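The values are calculated or read from the model by the stated rules, or taken from the named source; none is laboratory data. Everything numeric in this text was worked out from a predicted model, so none of it was measured. Cβ coordinates were reconstructed from backbone atoms using ideal geometry, including for glycine residues, and neighbour counts include every protein chain displayed.
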């Protein structure tokens, strides 16, 4: 019996690993959504900077929005001294939009990793990916509603007998591959490279940065509302 104990312990550890990973992803996702919501809901009455260092500008925005932002120091080294100087005036703007404007000037991007919002190069931001499963069977399922035909009267000079009956055209059903194609065509990402979307048993498996997942969520919501 004792010889089986290590095997049982190993199986338990392997069986529990996916659950631990899912739990961590769920916590990270909740933290990400909380940060995004905080940045989106915070409206800054005025922002004014003249030749201010980008680090100080971001620190000010983070303080006003009550979020923590971490710099990738290596990415910051790639920004010249002149480019680090920020001069702008903004009014009644969301903290998220203000942050994006500042980052565009220094050509850096936001990324979320391990529950932290950090600023880095576009290349590194694209590498900060997570994998999520989307159940799209409610979108792809075909519901037969058997619509009634339309009946209209004939023109007076029509010599044929009986009314004219028009049957509505059949709608083409949406399949998972159609959704994959729509995602790849409408959402900017490194599809086929660092990022991927595939179909497994009617579900979409998407590996991409969190900002891309946000767009995927929005696209699927539009498809559901249009169904």
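A few notes on this one:
- You will find that of 83, 92, the residue that is surrounded by fewer than 16 Cβ atoms within 10 Å (Cβ to Cβ), outside any helix (DSSP H, G or I), in contact (Cβ under 8 Å) with a residue 12 or more places away in the chain and touching a helix residue (DSSP H, G or I) at 6+ places or on another chain (Cβ under 6 Å) is 83 and no other.
- Residue match in the stretch 43-65 (condition: outside the structural domain of residue 209 (by TED's automatic domain parsing), under 24 Å from residue 213 (Cβ atoms) and surrounded by fewer than 17 Cβ atoms within 10 Å (Cβ to Cβ)): no
- Members of the stretch 194-227 found to be touching a strand residue (DSSP E or B) at 6+ places or on another chain (Cβ under 7 Å) and either outside the structural domain of residue 175 (by TED's automatic domain parsing) or not in a helix (DSSP H, G or I) (or both), listed by number: 195, 196, 197, 198, 203, 204, 205, 206, 207, 208, 209
- Residue count for the stretch 100-109 under the criterion of being part of a helix (DSSP H, G or I), under 18 Å from the mean Cα position of the chain (by Cα) and either buried (at least 20 other Cβ atoms within 10 Å of the Cβ) or not assigned by TED's automatic domain parsing to the domain that holds residue 45 (or both): the result is 0.
- Selected residue (only one of 170, 158, 145, 138 is at pLDDT below 90, touching a helix residue (DSSP H, G or I) at 6+ places or on another chain (Cβ under 9 Å) and either assigned to a helix (DSSP H, G or I) or outside the structural domain of residue 66 (by TED's automatic domain parsing) (or both)): 138
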